[in-house]
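Input: a single structure, listed below in structure tokens.
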Amino acid sequence: MQTRIREASETRGFAVSRLLTHWSEVVGETVAAVTRPVEVSYGKGGMGATLTILTTGPHAPMIEMQKEQICERVNSCYGYRAIARLRITQTAPTGFAEGQAVFAPAPRSAVPAIDPEIEASSANLSKDVTNDELRLALQALGANVLMKSRNGKNQR
């Protein structure tokens, strides 16, 4: 599957597929909510590429003002100054023909409620930890492991 994703992203010029798959982490949630990377094109001189991003008309001026910051964040994803220019392409809110310009990320699946018994067990396992942040993290990890092991036993 990794090979297919890499090949598909390379056809659009994306040497680093992480830029596509983790767009919201690279540019931030607010920019990612209204933009989508479309293409990376390389000039004849080879001195930096152009990243084309898609946005809707009303958001274009705000994205235009953030071009430099977006380029810096994208280049930090690459690890070097790969992107020299940013081109903004505007579309209607519903996309070209079939409503393709939906930028909102897919909704996260609802977190299942933790069984009180599992929550008590995980709290008991981490009760001796004095650092609050570490204790809460261990508690969440313990609850996750206990829920997964319980679900695995129920499926057999």
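The values are calculated or read from the model by the stated rules, or taken from the named source; none is laboratory data. What you see is a predicted model, and the numbers here were worked out from it, not measured in a lab. Counting neighbours? That spans all protein chains shown, and the Cβs are built from the backbone with ideal geometry, glycine included.
Annotations
- Total residues in the stretch 24-40, condition in a helix (DSSP H, G or I), more than 17 Å from ALA82 (Cβ to Cβ) and either touching a Cys at 6+ places or on another chain (Cβ under 7 Å) or of a type in the set (Gly, Ala, Ser) (or both): 2
- Inside the stretch 38-60, residues that are without any contact (Cβ under 8 Å) to a residue 24 or more places away in the chain and in contact with a Lys or Arg (Cβ under 9 Å, 6 or more places away or on another chain) make up a count of 1.
- Evaluation of VAL129 against (1) within 28 Å of the chain's Cα centre (by Cα); (2) among the aliphatic types (A, V, I, L, M); (3) modelled with pLDDT of 85 or more (one fails), failing number: (1)
- Any hit, the stretch 96-105, residues being small (Gly, Ala, Ser), at pLDDT below 85 and surrounded by 13 or more Cβ atoms within 10 Å (Cβ to Cβ): yes
- Scanning the stretch 136-151 turns up at least one residue that is in contact with an Asp or Glu (Cβ under 9 Å, 6 or more places away or on another chain), of a type in the set (Lys, Arg), farther than 30 Å from THR21 by Cβ and at pLDDT below 80.
- Any hit, the stretch 41-54, residues being at pLDDT below 80, of a type in the set (Phe, Trp, Tyr) and not in a loop (DSSP other than H, G, I, E, B): yes
- Whenever a residue of the stretch 64-81 is more than 16 Å from LEU20 (Cβ to Cβ) and assigned by TED's automatic domain parsing to the domain that holds PRO37, its partners that are among the charged types (D, E, K, R) and surrounded by 12 or more Cβ atoms within 10 Å (Cβ to Cβ), lying with C-beta atoms within less than 8 angstrom and at least six residues away or across chains, give the pairs CYS71/ARG85.
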